[in-house]
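Worksheet: one structure, shown below.
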Amino acid sequence: LSERLGGILDKLTRRGALTEADVDTALREVRRALLEADVALDVVREFVEGVRKEAVGVAVIKSVTPGQLVVKIVHDQLVRTLGQEESGGVDLNAVPPVAIMMVGLQGSGKTTTTAKIAKRLTERLKKRVLMASLDVRRPAAMEQLAVLGRDVEVDTLPIVAGQQPVQIAKRAMEAARLGNYDVVLLDTAGRITLDEELMQEAADVRSAANPHEVLLVADALTGQDAVNLARSFNERVGITGIVLTRVDGDGRGGAALSMRAVTGKPIKLLGVGERMDALEDFSPGRLADRILGMGDIVALVEKAAQTIDAEKAARAAEKMRKGQFDLQDMRDQLDQMSRMGGMSGLMGMLPGMAKIKNQISQANLDEKVLKRQVAIIDSMTPKERRNPDLLKASRKRRIAAGSGSKPEDINRLLKMHRGMADMMKMMGGAKRGPLAGLASA
Ligand code: GDP
Ligand code: MG
C-alpha cells in the first residue's frame with residue numbers, strides 16, 4: 001500500500017505547499033487504508049475531512065513527496081485523536097474499595113482481561129484485589145474466573161448459587177469492605193449481540209456498585225459494529241475507558257479509532273495474547289502505525305524533516321555568525337517554531353534568548369501569530385526577503401494585501417527582524433546559534 005502511494009506521487013516531488021489536488025489524491029489512499037483497518041465509515045469520513053483542512057497549504061519538504069507528507073500529517077492527527085499520552089492503565093484514585101466494572105459482548109475478553117488487570121495490580125502496585133464474576137448466564141463462567149484467580153493468585157468472591165448480578169455486586173462490595181481489599185473487579189456477563197436485557201443488567205450493576213471505572217472490552221477485530229457497540233454502552237451504562245483485546249491477532253484495530261471517536265473515552269489497555277501477562281499500556285503512536293499501516297512512510301518523513309531542520313539550523317547559525325540574518329532565515333525559524341507548538345514551550349529551550357522572549361511576548365507570538373508572520377514573509381519577493389530595506393510603503397501595502405494583514409503588522413514584523421538580527425550579531429561569536437540546540441532537541 002505504501003508503495004502504491006509513494007508511486008502515485010513520486011512524480012510530484014517538488015517544493016512549495018500542498019495543494020488540494022495533492023491532498024485529495026493522498027487522502028483517497030488513506031481512506032482506503034482506514035477502511036481496510038475496520039475503522040467505521042462515518043468516522044473515516046469525518047477524520048479525513050479534518051485532515052484535509054489541516055493539510056492543504058502545508059509546506060512540502062525536500063526529499064519527501066506530497067503524498068508522503070500527507071500520510072505523516074494523517075498519522076499525527078491519528079495520534080492526537082487516539083489520545084495524546086499513554087494512559088497509565090486503570091485509575092484507582094478513589095476511596096477503597098475501588099470498584100472496576102468490565103462490560104462488553106460475549107467472548108470479547110472480559111474475564112481474561114479481569115484476571116490480567118488483577119495480576120498487574122497485585123504484582124506492580126501491591127494492591128489487595130478481589131475479583132467477582134457476575135456472569136449468571138453461562139454455567140462455567142464463574143468457575144472460569146475462579147480458575148484464573150488461582151492462577152494469578154488473586155482472591156475471587158465465593159460462588160453462591162441462585163444470586164442475580166446486582167446481588168452479587170453488592171455482596172462483592174461488602175466482602176471487599178470487610179476484607180480490607182483495595183480494588184474490586186466486577187466481571188459481567190456479555191451477550192452475543194447488543195440487546196436491551198444486557199444493557200439494563202449492566203446499568204443496574206453500575207448503580208448498585210458505583211464503580212470508579214467502567215471499562216468497555218472490545219475485540220480488535222470488531223468491525224463496523226464498533227460504533228454501535230461503544231455508543232450503546234456509553235449511553236446506556238456509561239463507560240470511563242476502553243480495553244482493546246486480541247491486538248496480537250490480524251486485526252489492525254481500527255475499532256479503537258471508531259470507539260474513541262464516538263465516545264471520547266480513552267483507550268486504556270491493550271490485550272495482546274491469552275497469557276495472563278499479555279496486557280500492555282496503550283500507546284497512541286504504535287496503534288496509529290498499526291491502523292494506518294504506513295509506518296515506513298511516517299518514519300521516512302520524520303527523518304527528512306529532522307535532516308532539513310538540522311541543515312536549516314546550521315545555515316542560519318552560519319549567517320548569524322556573519323551578521324546576515326535576513327527575512328528568509330527569520331521565516332524559516334518562525335515556521336519551525338510554529339511547527340513545534342508556538343513560543344511558550346520553545347523559548348525555554350533557547351539559551352540567551354531572554355531579550356527576544358520579551359519582544360515575542362509583546363508581539364503575542366502564539367502559534368497562530370507565527371503562522372501569520374510566515375504568511376507575510378511568504379508574500380514578499382526573494383529580493384525583499386534578502387534585503388528588507390527595499391520595503392517602502394507601496395511594497396508594504398502590496399504585501400499586506402497579499403497576506404491578508406495590515407501594514408502595521410508588517411512594520412511590527414520588520415522591527416522584530418531588526419531586533420533578532422541585532423541580537424544575533426551580538427551573539428555572533430558563539431559557536432552554536434540558538435537554533436543549533438533546537439535541531440538536536
Ligand atoms: P468474555 O466472554 O468477554 O469473558 O471473554 P473471555 O475472557 O472468556 O475470552 C474469550 C477468549 O478470548 C478466551 O479464549 C481468551 O483466552 C481469549 N482472549 C482474551 N483476550 C485475548 C487477547 O488479548 N489475545 C488473544 N489472542 N486471545 C484473547
Ligand atoms: Mg466472561
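The values are calculated or read from the model by the stated rules, or taken from the named source; none is laboratory data. Please read all numbers here as calculations on a predicted model, not as lab measurements. So basically every Cβ, Gly included, is an ideal-geometry build from the backbone, and we count neighbours across all protein chains shown.
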- Enumeration of residues in segment 111-147 that are touching a strand residue (DSSP E or B) at 6+ places or on another chain (Cβ under 7 Å), small (G, A, S) and free of Cβ contacts under 8 Å to residues at least 60 places away in the same chain: A132, S133, A141, A146
- Task: Would you point out the residue of segment 384-407, among those that are in a helix (DSSP H, G or I) and either under 38 Å from the mean Cα position of the chain (by Cα) or β-branched (V, I, T) (or both), that is farthest from K319 (Cα to Cα)?
- Result: A401
- Note on the structure: Residue count, segment 138-167, condition more than 16 Å from ligand 2 (Cβ to nearest atom) and not β-branched (V, I, T), comes to 9
- Query: Is it the case that A26 is modelled with pLDDT under 90, crowded, with 22+ Cβ neighbours inside 10 Å and part of a helix (DSSP H, G or I)?
  - Reply: yes
- Task: Scan segment 280-298 and give yes if some residue there is more than 16 Å from ligand 2 (Cβ to nearest atom), at pLDDT 85 or above and of a type in the set (F, W, Y), otherwise no.
- Result: yes
- Query: Is it the case that some residue within segment 204-226 is within 16 Å of ligand 2 (Cβ to nearest atom) and touching a Phe, Trp or Tyr at 6+ places or on another chain (Cβ under 7 Å)?
  - Reply: yes
- Task: Could you tell me whether segment 238-258 includes any residue that is of a type outside the set (V, I, T), surrounded by fewer than 23 Cβ atoms within 10 Å (Cβ to Cβ), more than 16 Å from ligand 2 (Cβ to nearest atom) and farther than 25 Å from R286 by Cβ?
- Result: yes
- Might you let me know whether segment 221-232 holds any residue that is within 15 Å of ligand 1 (Cβ to nearest atom), farther than 27 Å from R128 by Cα and outside any loop (DSSP other than H, G, I, E, B)? yes
- Note on the structure: Filtering segment 192-233 for residues that are of a type in the set (D, E, K, R) and buried (at least 16 other Cβ atoms within 10 Å of the Cβ) leaves a count of 5
